[in-house]
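First comes the structure, then the notes that go with it.
The values are calculated or read from the model by the stated rules, or taken from the named source; none is laboratory data. Here the structure is a predicted model, which means the values were calculated and not measured. Cβ coordinates were reconstructed from backbone atoms using ideal geometry, including for glycine residues, and neighbour counts include every protein chain displayed. Heads up: the accessible areas ignore ligands, DNA and RNA and are worked out on the full protein's heavy atoms, side chains in. Shrake-Rupley method; radii C 1.70, N 1.55, O 1.52, S 1.80 Å.
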Amino acid sequence: MPPRIALYPGSFDPPTNGHLSIIQRGLKMFDGLIVAVLKNPAKDELFSVEERVQLLRGAVNDKRVQVKTFSGLLVKFAQQEGVNAVLRGLRAVSDFEYEFQMANMNRKLDPEIETLFMMTGEDYFYISSRFVRDVARLGGEVRGLVPQNVLEALKKRFK
Ligand code: ADP
């Protein structure tokens, strides 16, 4: 059987412990993961795409996990990588509508690609990259919400 690999896409600006939890749990279901960082220049970008890739690599450090970047359609990137499973995390009901639409749109674009959802653990449901960015920017404590290397990068950025 060929190795079962899933794509875990997102912005990861910055990577949080919520993301890491999905990666660790995803590795129990798949032989490997491709963490795919979306190159989508957002107005309130904190770390560049290259910085996010480095932060993810530093935080994960597991040879079953590759970190890559992509732009454009997710299904095209999945086809390019020869992967037909997309892994996403679900935090709250508010995530559901968008995720449901996106999963269906992606299935319409390529019926071979399935999206799988993992519900977040009770320790992580309130963590989002956006809140981490905002709290860190305002000088709040984000220890425990992000991996150590991200904590250091945030401290440096907002010193
Ligand atoms: P965010 O929504 O925090 O900016 P991303 O776009 O980088 O994050 O999210 C990538 C994927 O990780 C999405 O499927 C998102 O739902 C999931 N995710 C983000 N934060 C968490 C969390 N705390 N627990 C579980 N999944 C999460």
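Before moving on, here are some points about what is shown:
- Stretch gain in nm, segment residue 79-residue 28, where the contour uses 0.36 nm per residue and the Cα spacing is subtracted: 16.1 nm
- Element breakdown for segment 5-157 at a 1.4 angstrom probe: carbon and sulfur atoms account for 52% of the accessible area.
- Amide H to amide H distances under 5 Å link residue 146 with 17, where only residues 5 or more positions off or on other chains count and H is placed in the peptide plane.
- Nearest-ten-degree value, helix 49-60 long axis tilted from longest Cα axis of the chain: 90
- Sites residue 117 and residue 156, calculated FRET efficiency, Cβ-Cβ separation with R0 30 Å, nearest 0.05: 0.30
- Taking amide H positions as modeled 1.01 Å from N, with prolines and chain starts lacking one, the residues under 5 Å from residue 8 and 5 or more places away or on another chain are 34, 35, 36, 87.
- Cut-off under 5 Å, modelled amide H: who pairs with residue 69 long-range: 37
- Taking one quarter of the surface of the C-alpha convex hull of the chain gives a mean projected area of 9.4 nm².
- For residue 63, the lysines whose Cα comes closer than 27 Å to its Cα, not counting residues fewer than 8 places off in the same chain, are 28, 39, 76.
- Put a plus charge on the Cβ of each Lys and Arg, a minus charge on the Cβ of each Asp and Glu, and nothing anywhere else: the dipole of segment 1-123 about its Cα centre is then about 320 debye.
- Of the peptides 94-106, 115-127, 4-16, the ranking by mean beta-carbon count within 10 Å, highest at the top, reads 4-16, 115-127, 94-106.
- Dipole of the chain [Lys/Arg +1, Asp/Glu -1 at C-beta], most positive-end residue of 18, 60, 106: 60
- Since only 153, 116, 90 are under comparison, the one whose Cα sits farthest along the positive direction of the charge dipole of the chain, derived from C-beta charges on Lys, Arg, Asp and Glu, is 153.
- Surface per residue (accessible, 1.4 Å probe) for the chain, Å²: 60
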